[in-house]
Each structure stands twice: as structure tokens, then as C-alpha cells.
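Here is the structure we will look at.
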Amino acid sequence: MNILVCVKQVPDTTIIKIDPVTNTLVRDGVPSILNPFDSYAMEAAARIKDKDPDTKIVIVSMGPSQAEAVVRECLAVGGDTGYLVSDRAFGGSDTLATSYIIACAIKKIEEIEGKFDMIFCGKQAIDGDTAQVGCEIAEHLDLPQVTYGLTCEAEADRLKVYKEIDGGQQVVGVKYPCLITFTKPAFDMRYPSVKSKLAARKKEITTLTVDAFPDIDRACIGLKGSPTRVKKTFVPPVKQGGVVIKEETDAESAVKLVSLLDEANII
Ligand SMILES: Cc1cc2nc3c(=O)[nH]c(=O)nc-3n(C[C@H](O)[C@H](O)[C@H](O)COP(=O)(O)OP(=O)(O)OC[C@H]3O[C@@H](n4cnc5c(N)ncnc54)[C@H](O)[C@@H]3O)c2cc1C
């Protein structure tokens, strides 16, 4: 099996701040991490490789040179080869442009690594949070897609995906080649060993610039090729604590509530 895992480097949103003047994310001094949903996609690929050691796992990320770190993190837990799609021409891309560039990159990488049976993505990136890129890549490449994957099993002619649905799970069979987006399963990505970390450090990560894609439509990439425009970002006002009514009995609490609503001219 030949699997491609798409991973994005994101700021650790648990400690993110918004610049009150510019209303943009303050990225300075904020550590970057592997998008958690992409780590679940990586683990799903690694589990397929556990059962079939002939499986090859290729990692791709689009972003600035620092994004190499998340590619290397995945190389340390089962990834075989890594690619970084990086060029100033890609800067400012919205999800449509991002997915188009990644789809072009996948076609290029397939010339080197062979056709992919499966493309794994996270459900969403925790910074952009749109959950559009994976689905859009599937559309650009005309692949069947299954979203909200939890776990999967590779069968001879199809992938069995256990996907999250409201109140339970659904099992879907999808023919190769296919694209799956993963949500949080009951486990996390495995930890690398010291040995696998050292081996990953030595692996070469190939950078693909815009020149690697001679057929790319330059009108569809970067800020100019992005139909989405962010008009405004803002931090929602923090809600006030509210009033807690806790009288001796429920009946007394109800009476108190009615009198407070009456005083406020609400009823
Ligand atoms: C008008 C506009 C301008 C923007 N300008 C910039 C900018 O200048 N710089 C900037 O950094 N961002 C910019 N963004 C944000 C950028 O478009 C998104 O970060 C990007 O398109 C991915 O979308 P998302 O984060 O919502 O990913 P989602 O759709 O939530 O991600 C789903 C999955 O797709 C895959 N994926 C997503 N992005 C990547 C990636 N880069 N590499 C590999 N796999 C990936 C991952 O598997 C991920 O889990 C801009 C957005 C808009 C709308």
C-alpha cells in the first residue's frame, strides 16, 4: 500500500492571543505544533504499516521552511519520505488555492513515489478550522472521500473506514484510490523512539517550489488566486457571569426569578 499523509504546522492555539490593534493572530513567541487531527491521520497510516510492513508512507506539508519540523515528526513515527511545498508564490492562499496547490503537488509526488492508494488528512486544522482542504483535494483529484474517520482497515480491494456519526459509528467501504479525513479516535499518535527520532533527523525532505509544477495555473494560487477575503476578525465579547438564583426551595427560586424579570421589565 502507498499512503500519503497531509500535515500542517499550526500555532499551539491553547496559548494563542489576538493583537487588539490589528485583530490578527499573534504568532510571535507562540510555539508551533503538528496539527492534532493530522497526527490521528498519521497514526492511522502507521497502523496500516504495522500490519503490512511493505506499506510506504509519504508525508507532505505546505508552508514556510519551519514546517519541515512537522514532516520530520511524522518521519519519526513511521513516515518513509517527506516533501515540503514551499514558495512565496503560495503565500496568502485561501483553502481553495491551498487545496489546488496540494493537489498539484500530489500529482508531482506520484511521479516520484508511485500512485497513492490512500490520501489521509486531518478533519481540520486547528488554526484555519475550515475543514475544507481535505475535501477540496479529493475534488481536485476526483477521488472518493470519507470524512470523520476514526480508524480504518486496509482490505485487498477497499479501505474499511470506521467513521464518527451522531450518536455512534458507521462503517464505510471505499475503493482505492481514496481520500480520508480523520477526527479524534480513542488514542493518540504513538511516541517516537530515540532511534527513530535520530533516523528521521537524517532523512532528506524534498522541497517543491512553484517551478516544480510547470502546469500550475498561477492565476489560482496565492492571495491573487484566492476568492476568499477576510474582511474583519474580532474577539467575541466575554459574557458576564449572570445571576444565580438559589433560594431555599425551587418554588421560592421561581418566585424570585419572576420578580427579577418583572423588575427588569422583561415580563
Ligand atoms: C483570504 C485568506 C488569506 C489567507 N492568507 C494566509 C497567509 O497569508 N498565510 C497563511 O499561513 N494562511 C493564510 N490563510 C489561511 C489558509 O488559507 C489556511 O490556513 C489554509 O488554506 C488551510 O485551511 P485550514 O487551516 O482551514 O485547513 P483545514 O481545511 O481545516 O485542514 C484540513 C486538513 O487539510 C490538510 N491541510 C490543510 N492545510 C495544509 C497544508 N498547508 N499543508 C498540508 N496539509 C494541509 C491537513 O491534513 C488538515 O488537517 C488565508 C486564508 C484566507 C481565507
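Computed from the coordinates by the stated procedures, all read-outs in this text should not be read as laboratory data. None of the values given here were measured: they were computed from a predicted structure. Virtual Cβ from ideal backbone geometry, glycine too; neighbours counted across all protein chains shown.
Extents of the chain, taken as max minus min of Cα coordinates on every principal axis and listed largest first, are 74, 43, 39 Å. Considering only ALA254, ALA45, ALA131, the mean-square fluctuation computed in a Gaussian network model of the chain, springs between alpha carbons under 10 angstrom, is largest for ALA254.
Sorting SER32, SER259 from the fewest to the most surrounding beta carbons within 10 angstrom yields SER259, SER32.
Taking other Cβ atoms within 10 Å as a rough exposure proxy, ILE126, ILE109 sort from fewest to most as ILE126, ILE109. Segment 69-139 and segment 190-267 have Cα centres spaced 21 Å apart.
Of all segments of the chain bounded by GluC sites (Glu not before Pro) found in a DSSP loop with no more than 13 other C-beta atoms within 10 Å, the longest spans 1-154.
From the helices alone, meaning DSSP H stretches of at least four residues, give me the mean residue ellipticity at 222 nm for the chain, per-run term -39500 (n - 2.57), in deg cm²/dmol to the nearest 500.
Values: 6 runs with 75 residues, N = 267.
After summing the helix terms and dividing by the residues of the chain, the value is -9000 deg cm²/dmol.
Of VAL255, VAL194, VAL230, the residue with the greatest mean-square motion in the GNM of the chain, using alpha carbon springs below 10 Å, is VAL255.
Residues considered: LEU141, LEU75, LEU84. Largest GNM mean-square fluctuation over the chain, using C-alpha springs under 10 Å, is found at LEU141. Remark on GLY222: its backbone amide H falls under 5 Å from those of SER93, a criterion applied only to residues 5 or more positions apart or on other chains, H modelled at 1.01 Å from N.
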